[in-house]
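Enquirer: Attaching a single structure in structure tokens format; questions to follow.
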Amino acid sequence: MKHFLPSLCLLGSLLLRALTQCPVHTSEFQLEGDHLIGGLFDIHHVDGPVYHDRPEAIDCASQPLILSSYRRFQLMRFSVEEINNSTNLLPNVSLGYEIFDQCSDIQNFPGILNLISVNGLIQPWGEPQKNLSSVSKVIAVVGPFSSTETLSVAPLFMMNLIPIVSYGAASSAFSEKVKYPSFLRTVHSNKDVIEVIVNIILHFNWRWVAFLNSDDEFGIDGQELFIKRIKDTEICLAYTKGLNHNTNYSKIFRQIEAQRVNIIIVFVPKMTAEALIESAIQLNVTNKVWIAGDTWSLNKKLPNEKGIRNIGTVLGVSQPVVTIPGFSNFIYSFKSQTHCENAGQQFCNQFCNCSNLSAEDIISMDPSFSFPVYSAVHAVANAIHNVLQCGDGTCNDNITAYPHMVLAELKKSNFTLLNQSIQFDENGDPKFGFYSIIFWNHSGDTEEVGFYKFHPSAHFFINKTRIQWFTDREAPTSVCSPECPVGHAKKPDGIHKCCFNCEICLNGTYINSTEDPYKCINCKETEWSAEGSTSCNLRVVEYTPFTDSEAILIMVGAWALVGLTLAMSVLFAINYNTPIVRSAGGPMCFLILGCLSLCSKDLPKNYNEAKAITFCLLLLILTWIIFFTVHVLYRGKYIQTLNALAVLSSLFSFLLWYFLPKCYIIIFQPHKNTQQYFQGLIQNYTKTISQ
């Protein structure tokens with residue numbers, strides 16, 4: 001049954017040609033010529049899947065008409081007519097076309113099969129050519145428009161290297177030449193559009209955004225590119241959702257409102273955008289900034305919708321609007337002619353039913369992607385010009401142009417069209433053009449407020465003073481958490497880096513927001529910082545002034561130590577030969593310390609100096625343990641004062657607890673400072689031990 005369908009459509013085409021009373025050349029969809037160019041345009045659009053009980057071609061004319069696509073369809077017809085009327089580009093050679101209404105992604109294959117047929121038949125891949133001519137019916141194809149449509153049909157043209165020059169398929173997947181060797185496009189890829197959108201967001205310091213994309217190849221590719229592009233920026237993706245014809249917009253807007261998101265990026269085709277924005281108006285969604293992709297930023301319907309001002313501010317990225325000279329005259333001339341209603345049915349299901357459209361209706365439609373269509377047709381014509389070695393008013397009739405030859409010349413394109421140099425890079429992507437940044441003003445018009453140029457180098461500019469925000473003069477903000485004050489670190493609150501709490505950096509630490517805004521960094525040993533610092537300072541040695549109370553206390557203590565030491569020295573000198581002085585060490589005090597260890601388209605307490613010395617040493621050790629503990633925890637200017645106190649404490653421990661008791665006995669208990677007294681103690685001790 002599948003093989004029967006294309007044959008049925010071809011048969012129907014022949015019958016229609018025989019039955020119609022209109023001549024073949026009156027068809028909008030077909031024009032005879034020496035070289036045929038295929039055209040794929042979604043003049044009508046199937047809104048959602050269509051189910052049938054049996055395989056059959058879809059009735060495109062019964063589906064909603066896309067006026068902007070019909071305008072592009074007419075632009076291809078105009079471009080071919082302009083080339084045929086030129087005496088320089090293809091002299092004595094005529095271009096023809098077969099254009100198909102690709103209203104469905106999955107049910108328009110009869111038109112595609114017709115384009116790749118040879119003499120009305122399709123040669124299966126891998127089989128010998130037999131008696132069939134190897135020359136394809138068409139030499140190149142202009143279109144399709146959407147990435148999903150291109151993804152469906154492009155593989156059919158790749159095998160025989162029939163060049164496809166798309167005017168709208170922006171998915172980055174088509175830059176892979178291994179999969180799509182004969183694919184070129186005159187529109188920038190999604191990667192470039194996302195780059196412009198991200199630059200707009202960064203320019204206004206928006207950090208908390210939502211990304212709504214169509215649930216197809218185009219939208220999913222844009223979403224993936226956006227996530228990849230913002231990875232190393234301060235932008236956070238708060239919410240993302242794929243949209244289709246079954247989307248519950250009310251639920252989406254509730255979720256966006258719950259996340260407190262003010263910036264909504266809408267990366268969808270025109271019809272999906274219209275459904276989304278109209279739902280936002282009906283659901284009273286207010287005070288948002290909408291960033292439109294290039295597929296709907298120049299929409300003519302939405303800016304004039306009642307209530308459009310209430311939803312907020314609409315910014316957009318658009319293809320530059322290029323006026324095509326002569327196009328308006330072509331449309332007026334075309335619409336003034338009389339056409340049969342069925343003149344378009346030269347092939348199965350190719351019928352527009354557009355007779356009720358006026359020339360003004362067509363010309364005033366969304367001009368997006370006009371220049372890409374115009375440049376795509378001219379790129380093919382220039383490639384044929386080079387293949388046929390045209391020049392001096394003639395072309396070489398002895399050369400047979402094959403699709404792969406046209407492809408080779410297309411890749412080398414380098415010509416000027418309406419003051420733009422048309423060239424392609426190694427991936428078949430355009431090396432020309434730029435994007436306009438537009439704003440929907442309060443008069444219902446689109447106003448250019450900036451631009452982004454790609455070649456020869458990137459250049460971004462936006463005049464924000466010309467934008468009328470819903471917040472009056474100032475651009476709105478969109479953050480999950482407000483920026484931290486100076487000297488504070490961000491402590492993550494949830495999975496998003498844009499959501500955080502602020503904590504001040506303590507003494508001895510600082511924050512470097514450009515390097516790592518989430519961590520307080522410790523200062524070096526030779527540096528210090530106050531609370532909430534953004535850098536460390538070198539430590540400066542400060543000395544305690546002599547006028548400070550602490551310094552006075554230290555000096556008094558030191559002089560007291562000197563005085564007491566001198567007094568004790570005099571006292572010990574006077575009582576040099578007494579037992580107390582001798583027990584303290586006499587002239588060989590060091591002998592006491594040395595013997596301390598020996599002390600055990602238990603001697604009498606008066607002779608047991610080990611206890612006194614041990615107590616003094618414990619005080620000494622305790623003093624320095626305290627000092628070193630304070631030294632580790634405290635690095636202020638009073639550390640030298642504490643050091644002096646520790647030294648005095650060490651000296652006073654020996655002076656007061658070792659020598660002062662001796663002085664007390666000498667002065668107040670002289671009867672104990674005699675040999676008889678000490679000998680009596682020793683004798684009593686000896687008797688006690690022996691017993």
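Enquirer: Taking 56 Å as R0, compute the FRET efficiency from the Cβ-Cβ separation of V178 and E503 and round it to 0.05.
Expert: Using R0 = 56 Å, I get an efficiency of 0.65.
Enquirer: Hey, another quick one. Would you mind checking the pairs K231/K288; K270/K491; K241/K412 and listing those with alpha carbons more than 31 angstrom apart?
Expert: As for pairs spanning more than 31 Å Cα to Cα, those are K270/K491; K241/K412.
Enquirer: Efficiency by 1/(1 + (r/R0)^6): what FRET value for E542 and A567, r their Cβ-Cβ distance, R0 = 51 Å, to the nearest 0.05?
Expert: 0.90
Enquirer: ³J(HN,Hα) across segment 486-498 via Karplus (A = 6.51, B = -1.76, C = 1.60, θ = phi - 60°), whole Hz, x for Gly/Pro?
Expert: 4, x, 10, 9, 8, 10, x, 10, x, 8, 8, 5, 7
Enquirer: Next up: Given the protein chains as shown and a 1.4 Å probe, how many square angstrom of R260 are accessible, to the nearest 10?
Expert: 140 Å²
Enquirer: Then there is this: Normalised by the residues of segment 425-568, what does the relative contact order come to in percent, with Cα pairs under 8 Å and at least six apart?
Expert: 12 percent
Enquirer: Let me ask something else about it. Can you tell me how much longer the chain between D425 and V556 gets when fully stretched, taken as 0.36 nm per residue apart minus their C-alpha distance, in nm with one decimal?
Expert: Taking 0.36 nm per residue and subtracting the Cα distance, the gain is 38.3 nm.
Enquirer: With the crude spin-label approximation of a point 7 Å out along Cα→Cβ, what separation in nm comes out for N246 versus Q282?
Expert: 1.9 nm
Enquirer: Now for a different question. Name the long-range amide H neighbours of Q423: under 5 Å, sequence gap of 5 or more, or other chain; modelled H, no Pro or chain starts.
Expert: Amide H neighbours of Q423, under 5 Å, 5+ apart: K431, F432.
Enquirer: Label-point separation (nm) for E274 and V630, each offset 7 Å from Cα along Cα-to-Cβ?
Expert: For the pair E274/V630, the computed spacing is 8.4 nm.
Enquirer: Per residue, how much accessible area does segment 194-307 have with a 1.4 Å probe, in Å²? Numbers along the way, then the final one.
Expert: Working: 4580 Å² over 114 residues.
Accessible area per residue: 40 Å².
Enquirer: Quick check: from the Cα gyration tensor, does segment 224-315 come out rounded (a/c under 1.5), prolate or oblate?
Expert: prolate
Enquirer: Same structure, new question: Give me the percent of accessible area attributable to carbon and sulfur for segment 276-423, probe 1.4 angstrom.
Expert: Numbers: 2660 of 6120 Å².
Carbon and sulfur atoms account for 43 percent of the accessible area of segment 276-423.
Enquirer: Amide H neighbours of V289 under 5 Å, counting only residues 5+ apart in sequence or on other chains, H built in-plane at 1.01 Å?
Expert: I263, I264, T313
Enquirer: Sticking with this structure for a sec: Order these peptides, 177-187, 537-547, 211-221, 446-456, by their mean beta-carbon neighbour count within 10 angstrom, highest first. Intermediate values should be presented prior to the final figure.
Expert: Working: 177-187: 20.0, 537-547: 10.2, 211-221: 23.0, 446-456: 16.5.
So the order, starting with the most tightly packed, is 211-221, 177-187, 446-456, 537-547.
Enquirer: With θ set to phi - 60° and the Karplus curve 6.51 cos²θ - 1.76 cosθ + 1.60, what are the ³J(HN,Hα) couplings of segment 216-231 in order, to the nearest whole Hz, using x for Gly and Pro?
Expert: Working through the residues one at a time gives 8, 4, 4, x, 5, 4, x, 4, 5, 5, 5, 4, 5, 6, 8, 4 Hz.
Enquirer: Using a 1.4 Å probe, how large is the accessible area of E176, given in Å² and rounded to the nearest 10?
Expert: 90 Å²
Enquirer: Now a separate question. How much accessible surface area, in Å² rounded to 10, belongs to the heavy atoms of K519 with a 1.4 Å probe?
Expert: Counting only protein heavy atoms, K519 exposes about 120 Å² to solvent.
Enquirer: Work out, step by step, the length gained on full extension between S549 and Q389: first 0.36 nm times the residue separation, then minus their alpha carbon distance; give nm to one decimal.
Expert: Once the chain is fully extended between S549 and Q389, it gains 47.3 nm.
Enquirer: Any idea how far apart H404 and Y664 come out in nm if each label point goes 7 Å out from Cα toward Cβ?
Expert: It is 11.6 nm.
The values are calculated or read from the model by the stated rules, or taken from the named source; none is laboratory data. Note that the structure is predicted; figures quoted are calculated from it, not measured. Quick reminder, even Gly has a Cβ in these numbers, built from the backbone with ideal geometry, and neighbours come from all protein chains shown. Surface areas here come from the heavy atoms of the whole protein model, side chains and all, with no ligands, DNA or RNA. Shrake-Rupley method; radii C 1.70, N 1.55, O 1.52, S 1.80 Å.
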